[in-house]
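This report concerns only the one structure given below.
The values are calculated or read from the model by the stated rules, or taken from the named source; none is laboratory data. Keep in mind the model is a prediction, meaning the values are calculated, not measured. All Cβ positions, even for glycine, are placed from backbone atoms using ideal geometry, and neighbour counts span all protein chains on display.
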Amino acid sequence: MDFLNAIIVLLNFTVIPALAYGSQLALGAIFVTLIYAVLRFANFATGDMMSFGTMFAVILTYYFQSLGFGLGVLPTALLTIPFAILMMILYMLIIDKFVFSYYRIKKSPPVQFAMVSVGVMFVTQALIRIIIGPSDRRFLDGEKFIFKAKEFKEMTGLAEGITLKSTQAITIVVTLIVVSIMFWFLNRTKTGTSMRAYSDNEDLALLSGIDPKRVVLITWVIAGILATIGGVLYGLDKSYRPFVYFNNMLPIFAAAIVGGIGNPFGAFLGGYVIAFAEIFVTYAYKRFISYLLPEHLEPDSLLQLLSTDYKFAVSFSILVIVLLIRPSGIFKGKVI
Amino acid sequence: MKNYKNVIAAYSIMIFLIILVGVFQSWSIALTILNYCLISAVMTIGANIQWGYAGLINFGIMGYTALGGLAVVLVSVEPVKKAWQVGGLNILACIWIIVAIIFVVKFILNRFNKSKLRNYSVASVILGGIILLRVTATPGIEAIESVDPAKTGFLGGMGLPVLFSWIFGALLAGSLAFVIGKIALGLRADYLAIATLLIAEIIVSIIKHEEWLARGVKNVIGLKRPAPYEIDLQTSDWFIDLVAKINSSKLNLIKSISDKQEALNQMVIDASSVYVKLCFTGLFLTVVIILLIVTQKALYSPWGRKMRAIRDNEEAASAMGKNIVKEHLLIFILGSAIVGLAGAMMVTNDGLFTPGSYRPMRYTFVIWVMVIVGGTGNNFGAILGGFVVWFLWVEAAPIALFLINLFTSHLPETNAVRVHLIESAPYFRFLVIGIGLLLIMRYRPQGIIPEKIIKQ
């Protein structure tokens, strides 16, 4: 029984939050990696693009709520995602047309692209703050919990309970659906194959008649879908704050590089690696251990490796270690 | 000669703009902007050395700025004797443990051949060392942080004059850059950018959360100053006489003695703040001019030519027998040290150290925009970039407010769009900076004052 309780504690405080957080990171990391693979630059506007898509979802959610639309137990935001994605793709295509395409045709070095994306980051941040303001916004409605700790305890008769928030379940399920559709698209369809060909060897792809404009367009469409869904899921789970999204860019980059940049599947797993590392290293194991050890051996301290203040630092340290030992990432990305 | 005309014209416009601020807003604001322009100029000189001379992309400027700030606290604050008594030994022991770990790891790496066993033993030494560190440090840190936590709760500094901290800040940032450069400089350009960005974030989070070091997010206020305090000036006779002399024509117009006294008091208060800021301006200007002369000499020396050769074609330079790894490391250290100096100058100017305020937006990306806008590879350009971008960063909000009021003046005061726009005026600075960067990158990628190619 004690052993079961220990497992439940671990599930409740580390595994479930890490899975949800990891899914949000994974979507962002695939976004970074796709842009890197096809358009060949590190996009420093990642976090703010995700925030931009989420902003539309937030505004539309408020609008739908005022009209009285809703999905009952599910959050209204899910209904607004398709519209937000459309707006996001439109914005990305405008940015690409007026900013990135010029450097792509000129074949500028990646560093110049990165600096340009910093410019895009500033503009996007300004637009977000001018349109919706910098304050904290919650837009979650519907049922908050699937089951609470108390109900779980009554159901199973254990001393410890699991709380499953509906946002966590939605995050994990939606991520799995989106990611599987995307992998199916990349690996099984002709368009997906042409994208991979373009990313592997641009000249050969052009020779075999692949239209680069189409590849770029589809990349931005997929990027828009991933960015918006990732952003909205994060916003539902925590809350929507433009500043936080900018900060989230850093663990997302870490996830993409740890997984091997340019490799979508690596990025997907990288998101979970970063999330689990962050949460496992900063979790206090006292309660977990006290169930496993006999009573007289119970530890006094919290048994925490690092304080939660260093959450971000953990993922960055992992990134630095990976860069040093294996710069192509754990799952072998490309080294362009 | 044509080139110099451009430079002089650009700088005259900049000075004219700052004077305009002085006339329309106030001289105190104008001097604050000028001081920050000068500090930004030092940062851009540092970033320009790395990016313009050697083509190294360093997104970790925020980290070195924060270290420079930390140096001010470590040097100028009086030591907290009680904290040293209760926890100083533990902290010193920790430093020795860290040194020991480094030596043991180095020894293992040098002594044994590459094998799985070696990797595991290095990992176990580091892990064991960290556990030992935590065991030693925890009681010491708790004791230090409980010493009068509202006022001190940290070890304090060395109690030296604050100007020493500028040198110490540069040394601190330079030595950290040595470590980071050893680790990260082998990476490709955009990986290096991401790695330095994240390492800077780690540095700032350590400074923020290790309260025994510099109080962390509780901030250190009331730091020493290299300039006199306003209060002292306002009570000293020579200063009051000076102000009275300068403004004698204005004062003579006032008839009644009590009014005259009141006007003089107000003038003395205003003048004291201007005087203090002028002192800072003088100090900062000296630093900028010294750095400008040194970097200019370096740029046109054989060493500068070597750096440009490495930047433009690494393989050719390496075929000519230049040690690229060593030169990159050297320039990474030099640039970071200058940024550290700027960080120390900034904290000295503010008189307070607030680790929570170090954010990548303000301290990394804006500095990069300055370098790109001003002109990479040209020191005059980089300094001008610091002036222009900082000026826009500060003045964008008032200008935006003015424009919004102008264009919405036909709308009623309570119009929702107008109210919303006026509320979001501060964020127009991001828009201005972003669009400015994009335009410069597109139409003048070499910056306002481009690099001069000199044939020797």
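Observations, loosely collected:
- Test result for B:GLY52, part of a helix (DSSP H, G or I), within 20 Å of the chain's Cα centre (by Cα) and at pLDDT below 90: yes
- For B:SER318: the one exception among (1) in contact (Cβ under 8 Å) with a residue 12 or more places away in the chain; (2) more than 13 Å from every other protein chain (Cβ to nearest Cβ): (1)
- For the condition within 19 Å of B:GLY216 (Cα to Cα) and either of a type in the set (Phe, Trp, Tyr) or surrounded by fewer than 16 Cβ atoms within 10 Å (Cβ to Cβ) (or both), B:PRO161 does not qualify.
- Any hit, segment A:54-63, residues being buried (at least 22 other Cβ atoms within 10 Å of the Cβ), of a type in the set (Phe, Trp, Tyr) and within 21 Å of A:SER199 (Cα to Cα): no
- Pairs, first in the same structural domain as B:ILE310 (by TED's automatic domain parsing) in segment B:371-387, second basic (Lys, Arg), C-beta under 7 Å, six or more apart: B:ASN378/B:LYS452
- Every listed requirement among (1) within 14 Å of chain B (Cβ to nearest Cβ); (2) at pLDDT below 90; (3) assigned to a helix (DSSP H, G or I) is met by A:ALA255 save one, (2).
- Note on segment A:106-140: among residues that are in a loop (DSSP other than H, G, I, E, B) and facing chain B (nearest Cβ under 8 Å), the one that is farthest from B:ARG188 (Cα to Cα) is A:GLY133.
- Lone unmet requirement of (1) assigned to a helix (DSSP H, G or I); (2) crowded, with 23+ Cβ neighbours inside 10 Å; (3) of a type outside the set (Phe, Trp, Tyr) for A:ILE261: (1)
- When the residues of segment B:397-456 are filtered to those that are touching a residue at least 60 places away in the same chain (Cβ under 8 Å) and touching a Leu at 6+ places or on another chain (Cβ under 8 Å), the one that is nearest to the other protein chains (Cβ to nearest Cβ) is B:ILE433.
- Out of A:GLY192, A:GLY235, sole residue that is surrounded by fewer than 23 Cβ atoms within 10 Å (Cβ to Cβ), under 30 Å from A:THR80 (Cβ atoms), more than 14 Å from chain B (Cβ to nearest Cβ) and of a type in the set (Gly, Ala, Ser): A:GLY192
- Helices (runs of 4 or more DSSP H) lying entirely in segment B:188-246 (those with 1 or more residues that are modelled with pLDDT under 85 and farther than 29 Å from B:LEU160 by Cα): B:189-209, B:237-246
- Qualifying residue in segment A:76-85 (condition: modelled with pLDDT under 95, outside any helix (DSSP H, G or I), among the polar types (S, T, N, Q) and under 23 Å from the mean Cα position of the chain (by Cα)): yes
- For segment A:261-282, the condition holds for at least one residue, the condition being that it is over 10 Å from the mean Cα position of the chain (by Cα), over 29 Å from A:THR124 (Cβ atoms) and free of Cβ contacts under 8 Å to residues at least 40 places away in the same chain.
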